[in-house]
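Everything on this sheet refers to the single structure shown next.
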Amino acid sequence: MVTRSGILEGCVSVGMPRTAAELTLLFERGSELPADRSVLLCYDGPDYEPEAGSAFAVDVTVCWCNGVTVGAIAESAEASNTSVACIGAATRAGTGCGGCAMRIGEVLERFATFGSTP
Ligand code: FES
């Protein structure tokens, strides 16, 4: 990572898709990096697990490349976009690195099961 005044100006990430996606989002937004930058490395750790019960909250980001949340996917699914490809066309989720495709599928599955996100 290359930073100036806590703002990410460049980075290289190899074999760490979630970290890379988070860094891309921070880069695009010009957001300040967390004080403890090692937190960013945890996203690809073997023990990374989103908090139980909150993984499907509407404000949880599913696609880090494009900043698409569970709520946006659920809303798109309500408009009959019920496949990962349709969600990609409607929201751009999954159209970057593609690392979130399985997660988009999980959100769609949950939407199909429960009709909406809790
Ligand atoms: S996280 Fe890269 S395309 Fe969704």
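Please determine whether any residue of segment 37-48 is of a type in the set (Gly, Ala, Ser) and either within 16 Å of the ligand (Cβ to nearest atom) or modelled with pLDDT under 80 (or both). Looking for residues that are of a type in the set (Gly, Ala, Ser) and either within 16 Å of the ligand (Cβ to nearest atom) or modelled with pLDDT under 80 (or both), one finds at least one in segment 37-48, hence yes. Per the conditions (1) assigned to a loop (DSSP other than H, G, I, E, B); (2) closer than 14 Å to VAL62 by Cα, the sole criterion not satisfied by SER80 is (2). Taken over segment 1-36, residues that are of a type in the set (S, T, N, Q) and under 17 Å from the mean Cα position of the chain (by Cα) amount to 4. Mind checking which residues of segment 63-106 are of a type in the set (Asp, Glu) and either within 14 Å of the ligand (Cβ to nearest atom) or within 29 Å of VAL14 (Cα to Cα) (or both)? Once the filter is applied, which keeps residues that are of a type in the set (Asp, Glu) and either within 14 Å of the ligand (Cβ to nearest atom) or within 29 Å of VAL14 (Cα to Cα) (or both), segment 63-106 yields only GLU106.
Does at least one position in segment 53-76 carry a residue that is over 16 Å from the mean Cα position of the chain (by Cα), modelled with pLDDT under 85 and not assigned by TED's automatic domain parsing to the domain that holds LEU108? There is at least one residue in segment 53-76 that is over 16 Å from the mean Cα position of the chain (by Cα), modelled with pLDDT under 85 and not assigned by TED's automatic domain parsing to the domain that holds LEU108. Would you mind stating whether VAL39 is exposed (fewer than 15 other Cβ atoms within 10 Å of the Cβ), over 17 Å from the mean Cα position of the chain (by Cα), of a type in the set (Val, Ile, Thr) and not assigned by TED's automatic domain parsing to the domain that holds GLY67? Judged against the criteria, VAL39 is not a match. Would you point out the residue of segment 23-36, among those that are exposed (fewer than 12 other Cβ atoms within 10 Å of the Cβ) and of a type in the set (Gly, Ala, Ser), that is modelled with the lowest pLDDT? It comes out as ALA35.
Filter segment 1-22 for residues that are modelled with pLDDT of 85 or more, in contact with a Cys (Cβ under 8 Å, 6 or more places away or on another chain) and either among the aromatic types (Phe, Trp, Tyr) or under 14 Å from LEU41 (Cα atoms) (or both) and give the result. Hit for segment 1-22 is MET1, nothing else.
Please work out which residue is farthest from ARG18 (Cα to Cα), limiting yourself to segment 83-118 and to residues that are of a type in the set (Ser, Thr, Tyr) and surrounded by 15 or more Cβ atoms within 10 Å (Cβ to Cβ). Once the filter is applied, the top-ranked residue is THR117.
The values are calculated or read from the model by the stated rules, or taken from the named source; none is laboratory data. Please read these numbers as outputs of a predicted model, since none were measured by experiment. Every residue, glycine among them, receives a Cβ derived from its backbone with ideal geometry; neighbour counts consider all protein chains shown.
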